[in-house]
């Protein structure tokens, strides 16, 4: 069995996520308390009580998803369940880097706190939106974005085969939606995000984050991690700080990431955190060999994983 951990990103959040895990496991409560001590933010209260508008603010969303995922990882560590390879979607890459000890828990939390603040507060003025287009090829979506005349829109997340998220001005995203449907898209879904993420519009955020990255310590990888920037493994020679600064202004190559995991023999995928979005992405990939797809987002799904994965 070769295990791959997958960590979700912004847009997977919901009020009450992880609450039953928090109530049952002391180590998860400890994780939330540590995050509160580091950031001064009661992320448990925001996550479990809301209101939804507050949780959906980028500066809280990212911290909430990260904390939930890291809490679950503590349980898996206690059970000696480790990954061979890990990857995350956008924000989720930070969870993978903390899990691999490239970023320490403390510095990783502080970095994500700053990242969320910059991505929320340093947005250019405008009405921004993201949407997922289902049923078209990469080249078709790229062509649609080039044809849009009502504003800025670019491909942002190459999620899986036949699903690409676009990011840009609201009017431009709506025009792209119309063009996509004319071209035969099966569906277009507006996402729960609040900015032109993974485009050059976040250059100011990227530059601010770069300054924060200069302050942190980069440790050796304890497990293999695949990066969003190109879908390839991080190497010991990589300038990780530069990669993470570029991360929020470049598209996420997640379909290539998943293919890389499959090509390297991952046969058991475990999505760790809110939702099941990444599990759905894995299902849409072409697989030659049988694989097992699991997720952990509550007590029941955690117990299922513990019963399925035995060392």
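Just to be sure before I move on: is residue 267 at pLDDT 95 or above and farther than 29 Å from residue 17 by Cα in the structure I sent?
Spelling it out, it is not the case that residue 267 is at pLDDT 95 or above and farther than 29 Å from residue 17 by Cα.
Can you list the strands (runs of 3 or more DSSP E) lying wholly within segment 126-195 that have 2 or more residues being at pLDDT 95 or above and within 21 Å of residue 259 (Cβ to Cβ)?
Per the criteria, 128-134, 153-160, 163-169.
Is one or more of the residues making up segment 78-101 closer than 15 Å to residue 217 by Cα and out of contact with any strand residue (DSSP E or B) (no Cβ under 9 Å at 6 or more places or on another chain)?
Yes, segment 78-101 contains a residue that is closer than 15 Å to residue 217 by Cα and out of contact with any strand residue (DSSP E or B) (no Cβ under 9 Å at 6 or more places or on another chain).
From the list 39, 67, which residue is touching a helix residue (DSSP H, G or I) at 6+ places or on another chain (Cβ under 6 Å) and buried (at least 20 other Cβ atoms within 10 Å of the Cβ)?
Result: 67 is the single residue among 39, 67 that is touching a helix residue (DSSP H, G or I) at 6+ places or on another chain (Cβ under 6 Å) and buried (at least 20 other Cβ atoms within 10 Å of the Cβ).
Within segment 38-51, can one find any residue that is over 30 Å from residue 128 (Cα atoms) and more than 19 Å from the chain's Cα centre (by Cα)?
Yes, the conditions are met somewhere in segment 38-51.
Check off (1) modelled with pLDDT of 95 or more; (2) outside any strand (DSSP E or B); (3) in contact with a strand residue (DSSP E or B) (Cβ under 9 Å, 6 or more places away or on another chain) for residue 9 and give me the number that stays unchecked.
The number of the failed condition is (1).
Mind counting the residues in segment 283-304 that are touching a strand residue (DSSP E or B) at 6+ places or on another chain (Cβ under 7 Å) and surrounded by 20 or more Cβ atoms within 10 Å (Cβ to Cβ)?
3
Hey, can you tell me all the residues within segment 16-35 that are surrounded by fewer than 16 Cβ atoms within 10 Å (Cβ to Cβ) and assigned to a helix (DSSP H, G or I)?
20, 23, 24, 26, 27, 29, 30, 33
The values are calculated or read from the model by the stated rules, or taken from the named source; none is laboratory data. This one's a predicted model, so the numbers in the text were calculated from it and none came from an experiment. FYI the Cβ positions are ideal-geometry reconstructions off the backbone, even for glycines, and counts take in every protein chain you see.
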